[in-house]
Amino acid sequence: MAENTRLGVRPGDRDAPSLRVGRTEAKAQRREALLGAAARHFAERGFNGVSIEDLGTAVGMSGPAVYRHFESKQALLAAILIDVSRELLHGGTEVVERAPDGELALRALVEFHVRFALNNPDVIRVQDRDLDSLSDDDRHTVRALQRRYVELWVGILQRMQPTTNVAVLRIRAHATFGLMNSTPYSGQELPHGELRDVLERMAFAALR
């Protein structure tokens, strides 16, 4: 032990990296818990109907403790909508890159987005109702990411239907998002798998 000390290694130093990793993971988990709670509460009561104290209580912390992770309630809303917009763009891009042709890419995109819509009804409701509660900069970021995601779909449709006006293809894409994103408002009486099949068939038919 004395030799280690002379070399600059103090007792407990070997444990320091694992402790830092543990704290980092715990912080990330608390952040995810707050985002999940915020999405649920905003979906149920609207952005203006939820307080920081409500969100802290939902995850077992005080309201002021929330500010260790997000500087404001608006920052929480921004994280929800920006994170999901980035995830959609990243995931959709991977889907397209893996597909060998346009039709398979389109089917894979439909399956990808329907899966997202079924798993994230709260986020869809928050996007529909509370986008305007973002700051101008954050709203611009969300819109820019979403435009890139739409153009990913339009690019595939152009490969499949090269003679169709691109404006028409863009309208089809937007209309199909509306169909797939209907999950918070319809289909509650159907089993999850059956609803997924219905949405996928309808979406693919609308795009073709």
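Selection of first residues in region 100-117 that are within 23 Å of Pro162 (Cβ to Cβ) and open to solvent by 10 Å² or more (accessible area, probe 1.4 Å) and of second residues that are part of a helix (DSSP H, G or I) and aromatic (Phe, Trp, Tyr), restricted to Cβ pairs under 8 Å at least 6 apart or on distinct chains, gives the following pairs, ordered by first then second residue: Arg107/Phe204. A search for C-beta distances below 7 Å between a residue of region 42-60 that is closer than 11 Å to Leu77 by Cβ and any residue that is among the polar types (S, T, N, Q) and assigned to a helix (DSSP H, G or I), counting only pairs 6+ apart in sequence or on different chains, returns Phe47/Ser133.
Condition check: of a type in the set (A, V, I, L, M), more than 13 Å from the chain's Cα centre (by Cα) and surrounded by fewer than 17 Cβ atoms within 10 Å (Cβ to Cβ). Does Ala26 satisfy that? Yes.
Residue count for region 191-207 satisfying the condition of being touching a residue at least 24 places away in the same chain (Cβ under 8 Å) and either open to solvent by 30 Å² or more (accessible area, probe 1.4 Å) or within 26 Å of Arg129 (Cβ to Cβ) (or both): 7.
Determine which member of the set Pro162, Pro184 is in a loop (DSSP other than H, G, I, E, B) and in contact with a Lys or Arg (Cβ under 7 Å, 6 or more places away or on another chain). Criteria check complete, one pass: Pro184.
Before we move on, is Ile124 among the hydrophobic types (A, V, I, L, M, F, W, C) and touching a Ser or Thr at 6+ places or on another chain (Cβ under 6 Å)? Considered against the rule, which asks whether it is among the hydrophobic types (A, V, I, L, M, F, W, C) and touching a Ser or Thr at 6+ places or on another chain (Cβ under 6 Å), Ile124 comes out as no. Checked against the criterion of being surrounded by 16 or more Cβ atoms within 10 Å (Cβ to Cβ), assigned to a helix (DSSP H, G or I) and of a type in the set (Ser, Thr, Tyr), region 86-96 has no qualifying residue. When the test is whether a residue is modelled with pLDDT of 95 or more and surrounded by fewer than 17 Cβ atoms within 10 Å (Cβ to Cβ), Gly8 does not pass it.
Restricted to region 126-145, and to residues there that are surrounded by fewer than 18 Cβ atoms within 10 Å (Cβ to Cβ) and polar (S, T, N, Q), the residue that is nearest to Val166 (Cα to Cα) is Thr141.
The set of residues in region 187-207 being over 13 Å from Leu118 (Cβ atoms) and either part of a helix (DSSP H, G or I) or of a type in the set (Phe, Trp, Tyr) (or both) consists of Arg201, Met202, Phe204, Ala205, Ala206, Leu207. Kindly establish whether Ala75 is under 25 Å from Asn48 (Cβ atoms) and without any contact (Cβ under 8 Å) to a residue 12 or more places away in the chain. For Ala75, the condition - under 25 Å from Asn48 (Cβ atoms) and without any contact (Cβ under 8 Å) to a residue 12 or more places away in the chain - is met.
When region 172-190 is filtered for residues that are under 23 Å from the mean Cα position of the chain (by Cα) and open to solvent by 60 Å² or more (accessible area, probe 1.4 Å), the ones remaining, listed by number, are Arg172, His174, Ala175, Tyr185, Gln188. Of all residues in region 63-72, none satisfies being out of contact with any Phe, Trp or Tyr (no Cβ under 8 Å at 6 or more places or on another chain), closer than 24 Å to Asp128 by Cα and basic (Lys, Arg).
The values are calculated or read from the model by the stated rules, or taken from the named source; none is laboratory data. Just so it is clear, the structure is predicted and the values come from calculations on it, not from any experiment. In this analysis, Cβ positions are derived from the backbone assuming ideal geometry, glycine residues included, and neighbour counts consider all displayed protein chains. These accessible areas exclude ligands, DNA and RNA; they are computed on the full protein's heavy atoms, side chains included. Shrake-Rupley method; radii C 1.70, N 1.55, O 1.52, S 1.80 Å.
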